[in-house]
1. Take the alpha-carbon centre of the stretch 167-194, take the same for the stretch 45-80, and report the distance between them in whole Å.
2. Measure off 7 Å from each Cα along the Cα-to-Cβ vector at L243 and D74, then give the distance between these two points in nanometres to one decimal.
3. I'd like the FRET efficiency for A53 and F193, computed as 1/(1 + (r/R0)^6) with the beta carbon distance as r and R0 of 35 Å, rounded to 0.05.
4. Rank-order 169-176, 45-52, 142-149 by packing density, defined as the average count of other C-beta atoms within 10 Å over each peptide's residues, highest first.
5. Can you sort T157, T106 so the residue with the fewest Cβ neighbours within 10 Å comes first?
6. Pick from P76, P93, P194: which residue has the top mean-square fluctuation in a GNM of the chain where Cα pairs under 10 Å get a spring?
7. Around S83, with a cut-off of 14 angstrom between Cβ atoms, what is the net charge of the other residues, counting Lys and Arg +1 and Asp and Glu -1?
8. Ignoring everything except DSSP H segments at least 4 long, calculate the 222 nm mean residue ellipticity for the chain; use -39,500 (n - 2.57) per segment, divide by total residues, nearest 500.
Amino acid sequence: MTPGMTLLSDIDRPAFEVVNPDGRAPVIFVSDHDSNAVPACLDDLGLAPADLARHIGYDIGIARVARHLAARFDAPLIASGYSRLVCDVNRVPYSPASIPEISDGTPVPANRGLHADDRRARYDALFHPYHGAIANLLDARVRTGARPLFVGLHSFTPRLVSAPADRPWEIGFLWAEDAATSAQTMALFRRLFPDVCVGANQPYSGSSPQGYTMDVHADRRGLSNLCLEFRQDLIGDDAGGDLWADRFGDALAELLRTGTGD
Ligand SMILES: [Zn+2]
């Protein structure tokens with residue numbers, strides 16, 4: 001790209017979407033890996049559409065889950081508008097995973113040897129607007145004295161090339177500072193759905209330094225928070241997305257009723 005050029009043009013979708021901005025629930029949902037869109041000028045990053053449609057492109061199924069939950073709880077949702085392969089908004093800028101040259105074994109041609117100007121253009125167009133929107137929404141809520149529960153929504157692939165054993169659970173929870181809210185929610189979930197396998201996620205965890213969103217927006221503000229991942233094959237169609245959103249939603253409703261211990 002020419003220096004000074006912007007990444008997004010008139011034909012591109014916005015960098016992020018805010019659903020239900022005035023939602024009244026004491027909850028804010030965020031979806032970092034909501035979409036596999038690529039800005040037109042990046043020409044699908046040199047990837048085949050089939051690769052962008054895999055988990056390396058986005059969190060399969062999570063867009064439906066996130067919107068279902070935002071509607072059910074009358075809560076705001078902020079969703080990133082572009083593929084994590086363009087710029088992973090849940091990674092520290094300039095870290096290797098932020099704009100990956102290889103993702104789960106698949107080379108990403110347009111990310112190889114990226115010029116500093118092009119790297120900055122992606123952060124300016126995608127990363128900073130998304131996180132700015134989350135910060136603004138939180139600032140506005142906190143100013144009114146609210147302490148919203150911050151919920152990060154993801155999906156995961158049961159099998160990673162880099163970790164060949166299948167991951168058996170249906171929902172995984174990740175946390176760093178706020179272990180208590182995850183523990184409370186997992187206990188509520190297990191009581192409601194004893195046949196569902198819920199657990200602390202592997203091979204990475206919320207305390208891993210590679211995450212960004214939960215750390216910056218929730219832990220540093222001292223907000224109660226949950227970060228969870230649904231197994232992608234369970235939520236791959238609309239019916240599955242709605243079913244699993246409601247299962248988690250039932251546990252979340254109970255958590256909000258009993259209080260997060262904040
Ligand atoms: Zn994700």
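1. Answer, in whole Å: 21.
2. Going by the 7 Å Cα→Cβ label model, 3.0 nm.
3. 0.75
4. Top to bottom by mean Cβ count within 10 Å: 169-176, 45-52, 142-149.
5. So the residues, fewest neighbours to most, are T106, T157.
6. Residue with maximal mean-square fluctuation among P76, P93, P194: P194.
7. -4
8. Per the formula, -9000 deg cm²/dmol.
Read the figures in this text as sums done on the coordinates, not as results from a lab. In this text the structure is predicted, and so the values were computed from the model without any measurement. A quick note on method: Cβ atoms are made from the backbone with ideal geometry, for glycine too, and the neighbour counts reach across all protein chains shown.
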